[in-house]
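Worksheet for the structure shown next.
The values are calculated or read from the model by the stated rules, or taken from the named source; none is laboratory data. Since the model is a prediction, treat every value here as computed from it, not as a measurement. Cβ placement follows ideal geometry from the backbone for every residue including glycine, while neighbour counts extend to all protein chains displayed. Heads up: the accessible areas ignore ligands, DNA and RNA and are worked out on the full protein's heavy atoms, side chains in. Shrake-Rupley method; radii C 1.70, N 1.55, O 1.52, S 1.80 Å.
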Amino acid sequence: MANKNKFDCIIVGGGATGAGIARDLSLRGLSVLLLEKNDLSEGTTGRCHAMLHSGGRYVYKDKIAATECAIESEILLKIAPHITEMCGGFFIAVDEEDVEYGDIFEKSCREAEVFCEELNPQEFLAQEPKCNSEVKRVFRVNDGYIDPFLLTYYNAYDAKLNGAKIKTYSKVENLLLKGSDIVGVEYYDKLKNATKEAYSDMLINATGPWAQYLEKDLELERPLQISPTMGSLLVIQNRLVDHLINRLRKPGDGDIFVPSHQSVILGTTSIPKNYEELDHLLADREEIEYLLDLGEYLIPSIREYNLLRFYSGARPLVASGGSPREASRKFEVIDYEEEGYSGFITIFGGKLTTYRLMAEKVSDLICEKLGIVKDCTTAGKTLPGGERKVPMKTFKEKLHVEGKTAFDMQYKWGTFYNEISELCQTCIESYNTSGKPRMICECEHVTEPEISWVKENLHVKVIDDYRRRTRQAMGPCQGQFCYYKICDLESKWTNKTHNQIIDELTAALKKRWKTESHGGDFIKKQIKLSKYLYLLGGNLNERF
Ligand SMILES: Cc1cc2nc3c(=O)[nH]c(=O)nc-3n(C[C@H](O)[C@H](O)[C@H](O)COP(=O)(O)OP(=O)(O)OC[C@H]3O[C@@H](n4cnc5c(N)ncnc54)[C@H](O)[C@@H]3O)c2cc1C
């Protein structure tokens, strides 16, 4: 009998890279186990700007990375039309130094084969009236936005359809060695509170900025040279611009605005961090003020709008010894065979935009090592739900929702609207909601059938997992008026006890409101309030 704990390949790390590798390898017929210590996409992938890079940002210093971005973003627009927004971007000069950089930028774009086109500043301001009216020079580029969470979930979903096993909340703690062969891993399953083992012919370390941890038991002449660099981002409540706005200069701090759903994201900074700090990254007041000061160069009225929340991630950069801003955005694949250990590969560096290419390169190497002759298919095979772009009108009609809700839905579910529509019917029949599905999150327009669909399909394990899959609790109230409804549904759909649900709710709210924790016992009050709303409302089965 085949050992169910033995796989062709184990992948550690469930960010876009790990999920992309799981999809690529399972499409080539390999048996795969993906282990992630938290939820999928909860690492750097879920803490980035989510910009689909045209390559413009890197043309001057990093032409290879720029060309890779240009090619890969075109591929992603084709294979994931349901979670990408090709909003286009602008590089704008706001002072004389920026103006001079314009010529270098244009020449570098040509050399790296990255599209750019100079535009009259007045024409630009007509499209983006909130931007600095003193703008002196403008280039249009093909930047876009991609939902980093759903990108990861749809990769994992497809991997699962092709036989992969996904285990979240499972932290790999040790490598299992037989002599100098790496034959598996020991991991801690947080949900079951148990230590387990799994075995494989090949082990892939796709843990991004955490990558050096898995090397801890190996004696290496050339250990990984990773320089984790924190970048912080501010989420501003209104969608102030409809295009990505970059400052026309070499990459620096606070020089990008990305429109994202109902808001805009301003970033970022670049602060070197140690491995020990990676799980607790958070900007301080000084860093926030610094970002807002820089943001004012691009959108002068930025401080008039609500700062919804802020978050930080760490770039898994290849260490260069110089300034993090100078470090390359290229990626590296390390084969430990060269150090005398077989069966172990690490991939790190790169960008979200190039995750598919990274997955392809590492999967090619794995196949070569295992003697499997199967080509990569991910550049041409659409992600689940992305078979075609589904218009807003269809969501309105089939899911009985209004314009804003339909607008948000079209960037999430693609052709899955059909499955959600069936759940919608059940939802409408169970509640007195005048022929419309029950709204769970009013701020981000998330309905019960969507919550129900992700529960069945996108690997939800705990209450906090709904947020990343649907954007529930990401709007202005930050979950105050929807978490208790989620708790109610979770108690209906699972056999979790109320104590378990309250523990999960507390954990979710602590994460959601950690940026409020500077406000003394504010967070404790918020948690109490949500808990009582759930116990009074959800527990008595009353509907709100
Ligand atoms: C501030 C910022 C802004 C950025 N903006 C952009 C952008 O706009 N566009 C773009 O293309 N790129 C951007 N990037 C880069 C991009 O986010 C990353 O390159 C990409 O998300 C890395 O994905 P990954 O899967 O390799 O790593 P991660 O997403 O970090 O995944 C690694 C995973 O491994 C897990 N893990 C770690 N240790 C273990 C263990 N022992 N056991 C099990 N699991 C483990 C972690 O929990 C994590 O989920 C940005 C990065 C930052 C920091």
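Taking the empirical scaling 2.2 N^0.38 Å for compact globular proteins as reference, the chain has a Cα radius of gyration ratio of 0.96. Measuring only protein heavy atoms, the 1.4 Å probe finds MET86 accessible over about 90 Å².
Gap in Å between the Cα centre of region 430-482 and the Cα centre of region 91-129? The distance from the Cα centre of region 91-129 to that of region 430-482 comes to 41 Å.
Among the listed pairs LYS4/LYS455; LYS165/LYS412; LYS351/LYS398; LYS492/LYS528; LYS216/LYS330; LYS192/LYS381, give every one whose C-alpha distance is greater than 32 Å. Display every interim value, and only then the final one.
Working: LYS4/LYS455 25 Å; LYS165/LYS412 24 Å; LYS351/LYS398 36 Å; LYS492/LYS528 21 Å; LYS216/LYS330 24 Å; LYS192/LYS381 36 Å.
With Cα atoms farther than 32 Å apart: LYS351/LYS398; LYS192/LYS381.
For the listed peptides 104-110, 367-373, a ranking on the average number of other beta carbons within 10 Å per residue, highest first, reads 104-110, 367-373.
With a point put 7 Å past each Cα toward its Cβ, work out how far GLN225 is from SER430 in nm, to one decimal. So the label points at GLN225 and SER430 sit 5.7 nm apart. Taking all protein chains together and a 1.4 Å probe, the residues ILE334, ILE226 rank ILE334, ILE226 from largest to smallest accessible area. Sort region 285-406 into rounded, prolate or oblate with this rule: let a ≥ b ≥ c be the square roots of the eigenvalues of the Cα gyration tensor; rounded if a/c is under 1.5, and if a/c is not under 1.5, prolate when a/b is larger than b/c, oblate otherwise. Oblate, since a/c reaches 1.5 and b/c is not below a/b. Between GLU296 and GLU338, the modelled labels are 4.9 nm apart [label points 7 Å from Cα along Cα→Cβ].
Explain nothing, just the number: dipole magnitude of the chain about its Cα centre with +1 on each Lys and Arg Cβ and -1 on each Asp and Glu Cβ, in debye rounded to the nearest 20. Show your work: numbers first, answer last.
Values: 71 positive and 81 negative charges, 376 e Å.
Dipole magnitude for the chain comes out near 1800 debye.
Accessible surface calculations at 1.4 Å, restricted to protein heavy atoms, place region 392-538 at 42 Å² per residue.
With a cut-off of 8 Å between alpha carbons and a minimum separation of six or more residues, what is the relative contact order of the chain in percent? Don't jump to the answer; show the numbers that get you there.
Working: 1119 pairs, mean separation 86.9, N = 544.
Relative contact order for the chain comes out at 16 percent.
Across region 392-538, C-alpha contacts under 8 Å between residues 6 or more apart give a mean separation that, scaled by the residue count, equals a relative contact order of 17 percent. Cross-link reach is defined here as a Cα-Cα straight distance under 18 Å, omitting same-chain residues fewer than 8 places apart; for LYS107 the lysines meeting it are LYS61, LYS63, LYS250.
Using a Förster distance of 51 angstrom, determine the FRET efficiency expected from the C-beta separation of LYS404 and ILE372, and round it to 0.05.
Numbers: r = 48 Å, r/R0 = 0.94.
That pair, LYS404 with ILE372, gives E of 0.60.
Can you give me the % of accessible surface on the chain that is carbon or sulfur? Probe 1.4 Å, all protein chains present, nothing else counted. Each step should come with its number before you reach the end.
Values: 10650 of 22030 Å².
Of all accessible area on the chain, carbon and sulfur atoms account for 48 percent.
Lacking any other cysteine beta-carbon closer than 4.7 Å, the following Cys residues of the chain have no compatible partner: CYS9, CYS48, CYS69, CYS87, CYS131, CYS367, CYS376, CYS424, CYS427, CYS443, CYS477, CYS487.
Nothing charged except the Cβ atoms of Lys and Arg (+1) and of Asp and Glu (-1): what's the magnitude of the dipole of region 391-491 about its Cα centre? Round to the nearest 20 debye. Present the calculation step by step, with values, prior to reporting the outcome.
Details: 14 positive and 15 negative charges, 55 e Å.
Dipole of region 391-491, to the nearest 20 debye: 260 debye.
With R₀ fixed at 41 Å, the C-beta to C-beta distance from GLU422 to THR497 puts the FRET efficiency at about 0.85.
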